[in-house]
Amino acid sequence: MAAAADSDASSLETASTTPLWIDRLDPPVTPRPGIDGDLDVDVAIVGGGFSGLWTAYYLKRLEPALRVAVLERHYCGFGASGRNGGWAVGELAGSVADYARRSGPAGAMRQVRAVFDAVDEIGRVAAAESIDCDYAKGGTIRLARTGPQAERQAAEIAEARSLGLTDEEVRLLDADEARSQLNATDVRSGVLLGPSAVVDPAKLALGLACAAEASGVEIYEQTRATGIDGGAVQIAAEGARGSPMSHGRCEVRAPVIVRATEAYTRDLQGLRRDILPVYSRMIATEPLPEAVFDDIGLANRPSFADDRRMVTYGQRTADNRLAFGATGVPYSFGSRIVPAAETHLPMHRRTWRVLVEMLPQVAEARITHRWGGVLGIPRNWLPGVRFDPHSGEGVLGGYVGEGVAASNLAGRTMAELIAERDTERTSLPWVGVRSRRWEPEPLRWLGVRASRALLGVADQREQRSDRPDRLMSGIARLLRGGH
(Lines give C-alpha, C1' and ligand atoms only; values in the text may rest on other atoms or scores of the structure.)
Protein backbone atom coordinates (compact mmCIF):
# COMPACT_ATOMS: atom_id res chain seq x y z
CA MET A 1 0.00 0.00 0.00
CA ALA A 2 2.92 2.38 0.70
CA ALA A 3 4.16 1.98 -2.88
CA ALA A 4 0.72 2.83 -4.25
CA ALA A 5 0.55 5.86 -2.02
CA ASP A 6 3.95 7.10 -3.20
CA SER A 7 3.00 6.76 -6.86
CA ASP A 8 -0.37 8.39 -6.58
CA ALA A 9 0.99 11.22 -4.45
CA SER A 10 2.34 12.61 -7.74
CA SER A 11 -1.05 14.31 -8.20
CA LEU A 12 0.00 16.65 -5.39
CA GLU A 13 2.41 18.35 -7.77
CA THR A 14 -0.39 19.42 -10.10
CA ALA A 15 -3.03 20.06 -7.44
CA SER A 16 -4.43 23.57 -7.09
CA THR A 17 -2.86 25.52 -4.22
CA THR A 18 -5.99 27.60 -3.78
CA PRO A 19 -7.96 26.34 -0.76
CA LEU A 20 -10.73 23.98 -1.87
CA TRP A 21 -13.41 26.05 -0.17
CA ILE A 22 -12.36 29.28 -1.87
CA ASP A 23 -11.76 27.63 -5.24
CA ARG A 24 -15.34 26.29 -5.31
CA LEU A 25 -17.04 29.63 -4.59
CA ASP A 26 -19.54 30.55 -7.28
CA PRO A 27 -19.27 33.38 -8.11
CA PRO A 28 -15.60 33.82 -7.16
CA VAL A 29 -14.58 36.27 -4.48
CA THR A 30 -14.68 39.92 -5.52
CA PRO A 31 -13.14 42.04 -2.76
CA ARG A 32 -15.11 45.05 -1.59
CA PRO A 33 -13.52 48.49 -1.98
CA GLY A 34 -11.06 49.63 0.64
CA ILE A 35 -11.07 52.74 2.77
CA ASP A 36 -10.07 55.95 1.03
CA GLY A 37 -9.74 58.56 3.73
CA ASP A 38 -10.42 59.05 7.43
CA LEU A 39 -13.53 57.52 8.94
CA ASP A 40 -15.46 57.98 12.20
CA VAL A 41 -17.66 55.12 13.44
CA ASP A 42 -19.04 53.87 16.74
CA VAL A 43 -17.30 50.48 16.61
CA ALA A 44 -14.32 49.52 14.46
CA ILE A 45 -13.54 45.82 14.14
CA VAL A 46 -10.09 44.89 12.81
CA GLY A 47 -10.26 41.54 11.04
CA GLY A 48 -12.86 40.12 8.66
CA GLY A 49 -12.73 36.50 9.80
CA PHE A 50 -15.30 34.65 11.88
CA SER A 51 -14.50 36.52 15.11
CA GLY A 52 -14.91 39.96 13.60
CA LEU A 53 -17.93 39.06 11.49
CA TRP A 54 -19.83 37.37 14.32
CA THR A 55 -19.14 40.37 16.56
CA ALA A 56 -20.49 42.75 13.91
CA TYR A 57 -23.48 40.54 13.11
CA TYR A 58 -24.69 40.25 16.71
CA LEU A 59 -23.87 43.84 17.63
CA LYS A 60 -26.12 45.26 14.93
CA ARG A 61 -28.94 43.08 16.21
CA LEU A 62 -28.47 44.33 19.74
CA GLU A 63 -27.85 47.99 18.83
CA PRO A 64 -29.12 48.70 15.30
CA ALA A 65 -28.31 52.41 15.54
CA LEU A 66 -24.57 51.85 16.03
CA ARG A 67 -22.29 52.54 13.10
CA VAL A 68 -20.12 49.42 12.88
CA ALA A 69 -17.20 48.97 10.46
CA VAL A 70 -15.19 45.82 9.70
CA LEU A 71 -11.68 46.40 8.35
CA GLU A 72 -10.14 43.49 6.43
CA ARG A 73 -6.73 43.40 4.78
CA HIS A 74 -7.67 41.06 1.92
CA TYR A 75 -11.30 39.87 1.80
CA CYS A 76 -13.58 38.40 4.43
CA GLY A 77 -12.61 34.79 5.06
CA PHE A 78 -9.17 35.11 3.46
CA GLY A 79 -7.32 33.82 6.51
CA ALA A 80 -7.97 30.84 8.76
CA SER A 81 -11.75 31.36 8.58
CA GLY A 82 -11.85 30.50 4.88
CA ARG A 83 -9.21 27.78 4.74
CA ASN A 84 -9.65 25.64 7.88
CA GLY A 85 -10.94 22.08 8.15
CA GLY A 86 -14.57 23.12 8.50
CA TRP A 87 -14.90 21.68 12.01
CA ALA A 88 -17.56 23.46 14.06
CA VAL A 89 -16.57 21.36 17.06
CA GLY A 90 -17.99 21.82 20.55
CA GLU A 91 -14.58 22.08 22.18
CA LEU A 92 -12.16 24.74 23.35
CA ALA A 93 -8.40 24.48 23.46
CA GLY A 94 -8.47 24.97 27.23
CA SER A 95 -9.49 22.07 29.48
CA VAL A 96 -12.35 22.00 31.96
CA ALA A 97 -9.75 22.18 34.72
CA ASP A 98 -8.29 25.38 33.24
CA TYR A 99 -11.66 27.12 33.40
CA ALA A 100 -12.57 25.56 36.74
CA ARG A 101 -9.55 27.30 38.23
CA ARG A 102 -11.10 30.61 37.18
CA SER A 103 -14.72 30.06 38.22
CA GLY A 104 -15.14 26.66 39.85
CA PRO A 105 -16.52 23.41 38.37
CA ALA A 106 -20.01 24.81 37.75
CA GLY A 107 -18.64 27.75 35.80
CA ALA A 108 -16.40 25.48 33.78
CA MET A 109 -19.35 23.31 32.79
CA ARG A 110 -21.31 26.40 31.75
CA GLN A 111 -18.38 27.18 29.47
CA VAL A 112 -18.42 23.66 28.01
CA ARG A 113 -22.13 23.73 27.24
CA ALA A 114 -21.98 27.27 25.86
CA VAL A 115 -19.60 25.98 23.18
CA PHE A 116 -21.95 23.04 22.57
CA ASP A 117 -24.74 25.56 21.98
CA ALA A 118 -22.54 27.57 19.58
CA VAL A 119 -22.46 24.55 17.26
CA ASP A 120 -26.26 24.67 17.02
CA GLU A 121 -26.28 28.47 16.84
CA ILE A 122 -24.21 28.37 13.65
CA GLY A 123 -26.83 26.08 12.13
CA ARG A 124 -29.65 28.36 13.31
CA VAL A 125 -28.07 31.48 11.83
CA ALA A 126 -27.18 29.71 8.58
CA ALA A 127 -30.82 28.66 8.20
CA ALA A 128 -32.23 32.05 9.19
CA GLU A 129 -29.91 33.96 6.85
CA SER A 130 -30.12 31.41 4.00
CA ILE A 131 -26.37 30.79 4.14
CA ASP A 132 -25.78 27.60 2.14
CA CYS A 133 -22.60 26.44 3.88
CA ASP A 134 -23.15 22.64 3.78
CA TYR A 135 -23.81 22.53 7.54
CA ALA A 136 -24.19 18.96 8.81
CA LYS A 137 -24.27 18.04 12.48
CA GLY A 138 -22.83 14.52 12.43
CA GLY A 139 -20.58 14.73 15.49
CA THR A 140 -16.84 14.12 15.64
CA ILE A 141 -15.28 10.64 15.70
CA ARG A 142 -11.79 10.37 17.15
CA LEU A 143 -10.08 7.02 16.80
CA ALA A 144 -7.59 5.37 19.12
CA ARG A 145 -5.18 3.40 16.95
CA THR A 146 -2.64 2.38 19.59
CA GLY A 147 -2.98 0.94 23.09
CA PRO A 148 -1.87 4.18 24.80
CA GLN A 149 -4.39 6.19 22.79
CA ALA A 150 -7.15 3.78 23.87
CA GLU A 151 -6.08 4.14 27.52
CA ARG A 152 -6.26 7.91 27.25
CA GLN A 153 -9.70 7.73 25.67
CA ALA A 154 -11.03 5.53 28.49
CA ALA A 155 -9.67 7.99 31.05
CA GLU A 156 -11.20 10.90 29.13
CA ILE A 157 -14.67 9.37 29.20
CA ALA A 158 -14.37 8.51 32.88
CA GLU A 159 -13.60 12.17 33.57
CA ALA A 160 -16.48 13.27 31.33
CA ARG A 161 -18.91 11.14 33.34
CA SER A 162 -17.59 12.58 36.60
CA LEU A 163 -18.31 16.06 35.24
CA GLY A 164 -21.87 15.15 34.30
CA LEU A 165 -21.54 14.91 30.52
CA THR A 166 -24.08 12.55 28.99
CA ASP A 167 -23.76 9.72 26.48
CA GLU A 168 -25.43 11.94 23.87
CA GLU A 169 -22.74 14.54 24.40
CA VAL A 170 -19.70 12.26 24.45
CA ARG A 171 -19.29 8.51 24.64
CA LEU A 172 -16.72 5.76 24.27
CA LEU A 173 -17.00 3.36 21.34
CA ASP A 174 -15.50 -0.10 21.24
CA ALA A 175 -13.44 -1.11 18.21
CA ASP A 176 -16.38 -2.42 16.18
CA GLU A 177 -18.55 0.62 16.91
CA ALA A 178 -15.69 2.94 16.01
CA ARG A 179 -15.01 1.11 12.73
CA SER A 180 -18.69 1.40 11.83
CA GLN A 181 -18.23 5.17 11.98
CA LEU A 182 -14.82 5.24 10.27
CA ASN A 183 -13.23 2.09 8.89
CA ALA A 184 -9.61 3.07 9.41
CA THR A 185 -6.63 0.83 10.08
CA ASP A 186 -5.66 -0.45 13.54
CA VAL A 187 -8.76 0.79 15.35
CA ARG A 188 -8.77 0.04 19.09
CA SER A 189 -11.59 2.32 20.27
CA GLY A 190 -13.18 5.67 19.54
CA VAL A 191 -14.72 8.72 21.14
CA LEU A 192 -17.86 10.20 19.58
CA LEU A 193 -18.53 13.85 20.43
CA GLY A 194 -22.15 14.69 19.62
CA PRO A 195 -22.07 18.53 19.65
CA SER A 196 -20.06 18.96 16.47
CA ALA A 197 -20.82 19.85 12.86
CA VAL A 198 -19.00 20.31 9.58
CA VAL A 199 -19.31 23.31 7.29
CA ASP A 200 -17.80 24.76 4.17
CA PRO A 201 -15.96 27.54 6.03
CA ALA A 202 -15.53 29.92 3.08
CA LYS A 203 -19.25 29.77 2.25
CA LEU A 204 -20.02 30.45 5.91
CA ALA A 205 -17.61 33.39 6.11
CA LEU A 206 -18.82 35.02 2.92
CA GLY A 207 -22.47 34.39 3.76
CA LEU A 208 -21.98 35.85 7.22
CA ALA A 209 -20.31 38.94 5.72
CA CYS A 210 -23.30 39.46 3.44
CA ALA A 211 -25.74 39.00 6.34
CA ALA A 212 -23.82 41.52 8.46
CA GLU A 213 -23.67 43.97 5.58
CA ALA A 214 -27.41 43.62 4.97
CA SER A 215 -28.01 44.63 8.58
CA GLY A 216 -26.01 47.83 8.11
CA VAL A 217 -22.44 46.82 8.93
CA GLU A 218 -19.88 48.64 6.77
CA ILE A 219 -17.22 46.27 5.41
CA TYR A 220 -13.98 47.65 4.00
CA GLU A 221 -11.76 45.05 2.35
CA GLN A 222 -8.31 45.60 0.79
CA THR A 223 -7.67 47.75 3.87
CA ARG A 224 -4.47 47.08 5.81
CA ALA A 225 -4.44 48.09 9.46
CA THR A 226 -0.92 48.69 10.76
CA GLY A 227 -1.66 49.48 14.38
CA ILE A 228 -4.14 50.63 16.99
CA ASP A 229 -3.28 53.86 18.77
CA GLY A 230 -5.72 55.02 21.42
CA GLY A 231 -9.09 55.45 19.78
CA ALA A 232 -7.90 55.06 16.20
CA VAL A 233 -6.93 52.29 13.81
CA GLN A 234 -4.00 53.27 11.61
CA ILE A 235 -4.48 52.30 7.96
CA ALA A 236 -1.57 51.84 5.54
CA ALA A 237 -1.08 54.19 2.64
CA GLU A 238 -1.76 51.37 0.21
CA GLY A 239 -4.25 48.52 0.31
CA ALA A 240 -3.55 44.83 0.34
CA ARG A 241 -3.21 44.80 -3.44
CA GLY A 242 -0.82 47.72 -3.54
CA SER A 243 -3.22 50.35 -4.94
CA PRO A 244 -2.47 53.78 -3.44
CA MET A 245 -5.23 55.63 -1.60
CA SER A 246 -5.91 59.13 -2.85
CA HIS A 247 -5.48 60.57 0.65
CA GLY A 248 -2.38 58.57 1.63
CA ARG A 249 -2.35 57.18 5.15
CA CYS A 250 -5.57 57.50 7.08
CA GLU A 251 -7.22 56.34 10.28
CA VAL A 252 -10.51 54.96 11.48
CA ARG A 253 -11.57 56.63 14.72
CA ALA A 254 -13.99 54.90 17.10
CA PRO A 255 -14.72 54.88 20.85
CA VAL A 256 -14.77 51.07 20.64
CA ILE A 257 -12.13 49.10 18.72
CA VAL A 258 -12.19 45.30 18.58
CA ARG A 259 -9.09 43.35 17.62
CA ALA A 260 -10.11 40.12 15.86
CA THR A 261 -6.88 39.38 14.04
CA GLU A 262 -5.81 35.95 15.41
CA ALA A 263 -2.46 34.89 13.87
CA TYR A 264 -2.22 38.15 11.92
CA THR A 265 -1.95 40.07 15.19
CA ARG A 266 1.81 39.85 14.60
CA ASP A 267 1.43 42.43 11.80
CA LEU A 268 0.10 45.13 14.13
CA GLN A 269 2.63 47.52 15.60
CA GLY A 270 3.97 46.35 18.97
CA LEU A 271 2.02 43.06 19.03
CA ARG A 272 4.39 40.61 17.32
CA ARG A 273 4.80 38.46 20.44
CA ASP A 274 1.14 38.45 21.53
CA ILE A 275 -0.03 35.52 19.38
CA LEU A 276 2.05 32.73 17.86
CA PRO A 277 1.25 32.06 14.17
CA VAL A 278 1.44 28.31 13.51
CA TYR A 279 1.00 26.58 10.16
CA SER A 280 -1.38 23.78 9.34
CA ARG A 281 -1.79 22.23 5.91
CA MET A 282 -4.62 20.45 4.11
CA ILE A 283 -5.27 18.33 1.06
CA ALA A 284 -8.51 17.38 -0.68
CA THR A 285 -9.28 14.40 -2.88
CA GLU A 286 -11.36 14.34 -5.99
CA PRO A 287 -15.05 13.44 -5.38
CA LEU A 288 -15.09 9.75 -4.41
CA PRO A 289 -17.65 7.12 -5.49
CA GLU A 290 -20.35 6.14 -3.00
CA ALA A 291 -18.85 2.63 -3.00
CA VAL A 292 -15.70 4.01 -1.39
CA PHE A 293 -17.76 5.56 1.41
CA ASP A 294 -19.69 2.30 1.80
CA ASP A 295 -16.33 0.94 2.92
CA ILE A 296 -14.94 3.99 4.75
CA GLY A 297 -18.13 5.02 6.57
CA LEU A 298 -18.70 8.68 7.53
CA ALA A 299 -22.35 8.22 6.59
CA ASN A 300 -23.58 11.20 8.63
CA ARG A 301 -20.57 13.34 7.70
CA PRO A 302 -18.90 13.37 11.11
CA SER A 303 -15.59 15.15 11.27
CA PHE A 304 -12.80 12.71 12.05
CA ALA A 305 -9.31 12.38 13.49
CA ASP A 306 -7.13 9.93 15.31
CA ASP A 307 -5.68 10.55 18.76
CA ARG A 308 -2.00 10.94 17.97
CA ARG A 309 -0.42 14.00 19.53
CA MET A 310 0.47 15.49 16.15
CA VAL A 311 -2.96 16.78 15.22
CA THR A 312 -4.97 15.34 12.32
CA TYR A 313 -8.42 16.45 11.15
CA GLY A 314 -10.72 15.58 8.28
CA GLN A 315 -14.23 15.71 6.91
CA ARG A 316 -16.34 14.21 4.15
CA THR A 317 -17.45 17.19 2.10
CA ALA A 318 -20.93 17.67 0.69
CA ASP A 319 -19.62 16.65 -2.76
CA ASN A 320 -17.98 13.44 -1.41
CA ARG A 321 -14.37 14.50 -1.17
CA LEU A 322 -12.12 13.89 1.78
CA ALA A 323 -10.61 17.13 3.06
CA PHE A 324 -7.81 16.25 5.45
CA GLY A 325 -5.24 18.22 7.35
CA ALA A 326 -2.32 17.89 9.71
CA THR A 327 0.18 20.14 11.39
CA GLY A 328 3.67 19.85 10.02
CA VAL A 329 6.69 22.08 10.67
CA PRO A 330 4.62 24.58 12.57
CA TYR A 331 6.46 27.83 13.06
CA SER A 332 8.70 30.30 11.21
CA PHE A 333 11.44 32.23 12.98
CA GLY A 334 10.33 35.68 14.12
CA SER A 335 6.63 34.75 13.86
CA ARG A 336 6.85 35.35 10.14
CA ILE A 337 3.87 34.55 7.94
CA VAL A 338 5.28 33.41 4.60
CA PRO A 339 2.74 32.51 1.89
CA ALA A 340 5.17 30.04 0.30
CA ALA A 341 5.13 27.98 3.50
CA GLU A 342 1.42 27.32 3.03
CA THR A 343 2.11 25.26 -0.10
CA HIS A 344 5.28 23.49 1.03
CA LEU A 345 5.13 20.30 -1.06
CA PRO A 346 7.07 18.00 1.32
CA MET A 347 4.62 18.84 4.11
CA HIS A 348 1.66 18.08 1.84
CA ARG A 349 3.29 14.76 0.93
CA ARG A 350 3.55 14.02 4.64
CA THR A 351 -0.13 14.87 5.12
CA TRP A 352 -1.00 12.55 2.21
CA ARG A 353 0.98 9.70 3.73
CA VAL A 354 -0.82 10.13 7.06
CA LEU A 355 -4.21 10.01 5.30
CA VAL A 356 -3.38 6.91 3.27
CA GLU A 357 -1.87 5.10 6.24
CA MET A 358 -5.10 5.78 8.10
CA LEU A 359 -7.48 5.16 5.16
CA PRO A 360 -5.77 3.00 2.48
CA GLN A 361 -9.09 2.91 0.60
CA VAL A 362 -8.16 6.32 -0.88
CA ALA A 363 -4.60 5.45 -1.91
CA GLU A 364 -5.41 5.80 -5.61
CA ALA A 365 -7.55 8.92 -5.29
CA ARG A 366 -6.33 12.01 -7.09
CA ILE A 367 -5.51 15.02 -4.92
CA THR A 368 -7.09 18.09 -6.48
CA HIS A 369 -6.21 20.74 -3.89
CA ARG A 370 -3.47 21.39 -1.36
CA TRP A 371 -3.20 24.49 0.77
CA GLY A 372 -2.28 25.85 4.16
CA GLY A 373 -2.84 28.66 6.57
CA VAL A 374 -1.94 30.00 9.98
CA LEU A 375 -3.77 29.67 13.26
CA GLY A 376 -3.10 31.65 16.42
CA ILE A 377 -1.84 30.39 19.78
CA PRO A 378 -1.68 32.59 22.90
CA ARG A 379 1.11 31.94 25.41
CA ASN A 380 -1.28 30.40 27.95
CA TRP A 381 -2.94 28.26 25.25
CA LEU A 382 -6.36 29.53 26.40
CA PRO A 383 -8.81 31.28 24.07
CA GLY A 384 -10.65 34.18 25.57
CA VAL A 385 -12.76 37.32 25.24
CA ARG A 386 -12.09 40.59 26.99
CA PHE A 387 -13.53 44.09 26.76
CA ASP A 388 -12.56 47.19 28.71
CA PRO A 389 -15.51 49.62 28.72
CA HIS A 390 -13.25 52.46 29.89
CA SER A 391 -10.71 52.26 27.06
CA GLY A 392 -13.14 50.75 24.54
CA GLU A 393 -10.63 48.02 23.70
CA GLY A 394 -11.94 44.55 22.84
CA VAL A 395 -9.86 41.45 22.05
CA LEU A 396 -11.05 37.96 21.20
CA GLY A 397 -9.50 34.79 19.81
CA GLY A 398 -6.51 32.58 20.51
CA TYR A 399 -8.48 29.46 19.54
CA VAL A 400 -5.46 27.18 18.92
CA GLY A 401 -7.09 25.75 15.79
CA GLU A 402 -10.56 25.12 17.26
CA GLY A 403 -12.18 28.38 16.29
CA VAL A 404 -15.17 27.76 14.04
CA ALA A 405 -17.69 27.23 16.84
CA ALA A 406 -15.67 29.08 19.49
CA SER A 407 -15.58 32.24 17.36
CA ASN A 408 -19.37 32.26 17.20
CA LEU A 409 -19.57 32.20 20.99
CA ALA A 410 -16.76 34.75 21.29
CA GLY A 411 -18.31 37.17 18.80
CA ARG A 412 -21.73 36.88 20.37
CA THR A 413 -20.23 37.48 23.80
CA MET A 414 -18.16 40.45 22.62
CA ALA A 415 -21.27 42.06 21.13
CA GLU A 416 -23.12 41.63 24.44
CA LEU A 417 -20.21 43.10 26.40
CA ILE A 418 -20.05 46.14 24.11
CA ALA A 419 -23.82 46.61 24.30
CA GLU A 420 -23.69 46.26 28.11
CA ARG A 421 -25.99 43.26 28.18
CA ASP A 422 -25.83 40.97 31.20
CA THR A 423 -26.31 37.49 29.72
CA GLU A 424 -25.43 33.90 30.49
CA ARG A 425 -22.42 34.35 28.20
CA THR A 426 -20.90 37.54 29.61
CA SER A 427 -20.04 35.80 32.90
CA LEU A 428 -18.40 32.72 31.38
CA PRO A 429 -14.91 31.96 32.73
CA TRP A 430 -13.14 32.72 29.47
CA VAL A 431 -14.31 36.35 29.69
CA GLY A 432 -11.36 38.43 30.84
CA VAL A 433 -8.69 35.81 30.09
CA ARG A 434 -5.28 37.39 29.53
CA SER A 435 -2.02 35.82 28.45
CA ARG A 436 1.57 36.90 28.85
CA ARG A 437 3.60 37.46 25.70
CA TRP A 438 5.68 34.82 23.97
CA GLU A 439 9.42 34.72 24.60
CA PRO A 440 11.79 36.72 22.37
CA GLU A 441 13.72 34.95 19.65
CA PRO A 442 15.54 32.61 19.44
CA LEU A 443 13.89 31.14 22.55
CA ARG A 444 10.47 31.18 20.90
CA TRP A 445 11.64 29.30 17.81
CA LEU A 446 13.70 26.78 19.79
CA GLY A 447 10.89 26.02 22.24
CA VAL A 448 8.18 25.57 19.61
CA ARG A 449 10.30 23.47 17.27
CA ALA A 450 11.66 21.29 20.06
CA SER A 451 8.27 20.62 21.65
CA ARG A 452 6.72 19.65 18.30
CA ALA A 453 9.63 17.33 17.49
CA LEU A 454 9.34 15.63 20.88
CA LEU A 455 5.60 15.08 20.43
CA GLY A 456 6.30 13.48 17.05
CA VAL A 457 8.87 11.18 18.65
CA ALA A 458 6.37 10.26 21.38
CA ASP A 459 3.81 9.26 18.73
CA GLN A 460 6.36 7.12 16.91
CA ARG A 461 7.55 5.39 20.08
CA GLU A 462 4.00 4.60 21.17
CA GLN A 463 3.17 3.20 17.75
CA ARG A 464 6.24 0.94 17.81
CA SER A 465 6.01 -0.25 21.41
CA ASP A 466 2.25 0.06 22.06
CA ARG A 467 3.16 1.48 25.46
CA PRO A 468 2.64 5.03 26.75
CA ASP A 469 5.53 7.40 26.17
CA ARG A 470 5.43 9.82 29.08
CA LEU A 471 9.02 11.01 28.90
CA MET A 472 9.01 12.79 25.53
CA SER A 473 5.48 14.15 25.89
CA GLY A 474 6.28 15.33 29.42
CA ILE A 475 9.37 17.23 28.27
CA ALA A 476 7.33 18.72 25.41
CA ARG A 477 4.69 19.95 27.86
CA LEU A 478 7.38 21.58 29.99
CA LEU A 479 8.82 23.32 26.95
CA ARG A 480 5.38 24.39 25.75
CA GLY A 481 4.30 25.82 29.08
CA GLY A 482 0.91 27.46 29.06
CA HIS A 483 -2.10 26.90 31.25
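The values are calculated or read from the model by the stated rules, or taken from the named source; none is laboratory data. Since the structure is predicted, the reported quantities are computational estimates derived from the model, not experimental observations. FYI the Cβ positions are ideal-geometry reconstructions off the backbone, even for glycines, and counts take in every protein chain you see.
For segment 45-90, filtering for residues that are assigned to a strand (DSSP E or B) and touching a helix residue (DSSP H, G or I) at 6+ places or on another chain (Cβ under 8 Å) leaves 7. Restricting segment 194-208 to residues that are of a type in the set (A, V, I, L, M) and in contact with a strand residue (DSSP E or B) (Cβ under 6 Å, 6 or more places away or on another chain) leaves a set whose member that is surrounded by the most Cβ atoms within 10 Å (Cβ to Cβ) is Val198. Taking residues in segment 8-37 that are touching a residue at least 60 places away in the same chain (Cβ under 8 Å), and partners anywhere that are in a loop (DSSP other than H, G, I, E, B) and of a type in the set (Ser, Thr, Tyr), the pairs with Cβ atoms closer than 6 Å and at least 6 places apart or on different chains are Val29/Tyr75; Pro31/Tyr75; Gly34/Thr223; Ile35/Thr223; Asp36/Ser246. Given segment 276-346, what strands (runs of 3 or more DSSP E) lie entirely inside it while holding 3 or more residues that are more than 15 Å from the chain's Cα centre (by Cα) and under 23 Å from Glu13 (Cβ atoms)? Fully inside segment 276-346 and qualifying: 276-285.
With respect to (1) within 20 Å of Val448 (Cα to Cα); (2) surrounded by fewer than 21 Cβ atoms within 10 Å (Cβ to Cβ), the lone exception for Ser335 is condition (2). Being surrounded by fewer than 17 Cβ atoms within 10 Å (Cβ to Cβ), within 26 Å of the chain's Cα centre (by Cα), of a type outside the set (A, V, I, L, M, F, W, C) and under 20 Å from Ala97 (Cβ atoms) is a description that does not apply to Glu151. Is there a residue in segment 400-408 that is buried (at least 21 other Cβ atoms within 10 Å of the Cβ) and over 13 Å from Leu92 (Cα atoms)? No, that holds for no residue.
For beta carbons closer than 6 Å, sequence separation of 6+ or different chains, a first residue in segment 209-221 that is free of Cβ contacts under 8 Å to residues at least 40 places away in the same chain and a second that is part of a loop (DSSP other than H, G, I, E, B) and crowded, with 16+ Cβ neighbours inside 10 Å, there are no qualifying pairs. Note on segment 432-475: residues that are touching a residue at least 40 places away in the same chain (Cβ under 8 Å) and part of a helix (DSSP H, G or I) amount to 12.
Looking at Asp319, is it of a type outside the set (Ser, Thr, Tyr) and closer than 20 Å to Ala136 by Cα? Here the answer is yes, as Asp319 does meet what is asked.
Condition check ((1) in contact with a helix residue (DSSP H, G or I) (Cβ under 7 Å, 6 or more places away or on another chain); (2) of a type in the set (Lys, Arg); (3) surrounded by 13 or more Cβ atoms within 10 Å (Cβ to Cβ)) across all residues:
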residue: Arg436; (1), (2), (3): no, yes, no
residue: Leu446; (1), (2), (3): no, no, yes
residue: Asp459; (1), (2), (3): no, no, yes
residue: Glu462; (1), (2), (3): yes, no, yes
residue: Asp469; (1), (2), (3): yes, no, yes
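Summed over segment 365-423, residues that are out of contact with any strand residue (DSSP E or B) (no Cβ under 8 Å at 6 or more places or on another chain), of a type in the set (A, V, I, L, M, F, W, C) and under 20 Å from Arg102 (Cβ atoms) total 4.
Tell me which residues, restricted to segment 95-116, are in contact (Cβ under 8 Å) with a residue 40 or more places away in the chain, within 14 Å of Ser196 (Cα to Cα) and not β-branched (Val, Ile, Thr). Ala114, Phe116, listed by residue number. Being closer than 27 Å to Ala225 by Cβ, among the basic types (Lys, Arg) and within 18 Å of the chain's Cα centre (by Cα) holds for only one residue in Arg61, Arg83, Arg73, and it is Arg83.
Of all the criteria given as (1) assigned by TED's automatic domain parsing to the domain that holds Gly49; (2) crowded, with 21+ Cβ neighbours inside 10 Å; (3) touching a residue at least 60 places away in the same chain (Cβ under 8 Å), the one not satisfied by Thr413 is (3). Looking across segment 11-44 at every residue that is of a type in the set (Gly, Ala, Ser) and in a loop (DSSP other than H, G, I, E, B), the one that is farthest from Met347 (Cα to Cα) is identified as Gly37.
Cβ separations smaller than 6 Å between residues 6+ apart or across chains give the following pairs from segment 48-67 residues that are in the same structural domain as Leu204 (by TED's automatic domain parsing) and hydroxyl-bearing (Ser, Thr, Tyr) to residues that are surrounded by 24 or more Cβ atoms within 10 Å (Cβ to Cβ) and in a loop (DSSP other than H, G, I, E, B): Ser51/Ala260.
In the set (1) within 28 Å of Phe324 (Cα to Cα); (2) outside any helix (DSSP H, G or I), the condition left unmet by Leu428 is number (1). Among the candidates Tyr264, Tyr279, Tyr313, the residue that is in the same structural domain as Arg67 (by TED's automatic domain parsing) and crowded, with 21+ Cβ neighbours inside 10 Å is uniquely Tyr264. One residue stands out among those in segment 165-204 that are out of contact with any Leu (no Cβ under 8 Å at 6 or more places or on another chain), touching a residue at least 60 places away in the same chain (Cβ under 8 Å) and of a type in the set (A, V, I, L, M): the one that is nearest to Glu151 (Cα to Cα), which is Leu193.
You will find that of Gly394, Gly376, Gly372, the residue that is within 22 Å of Asp23 (Cβ to Cβ) and part of a strand (DSSP E or B) is Gly372 and no other.
Residue by residue, here is whether (1) among the aliphatic types (A, V, I, L, M); (2) closer than 30 Å to Arg124 by Cβ holds:
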residue: Ile377; (1), (2): yes, yes
residue: Ala406; (1), (2): yes, yes
residue: Glu420; (1), (2): no, yes
residue: Arg434; (1), (2): no, no
residue: Leu443; (1), (2): yes, no
residue: Ser451; (1), (2): no, no
residue: Asp466; (1), (2): no, no
residue: Asp469; (1), (2): no, no
residue: Met472; (1), (2): yes, no
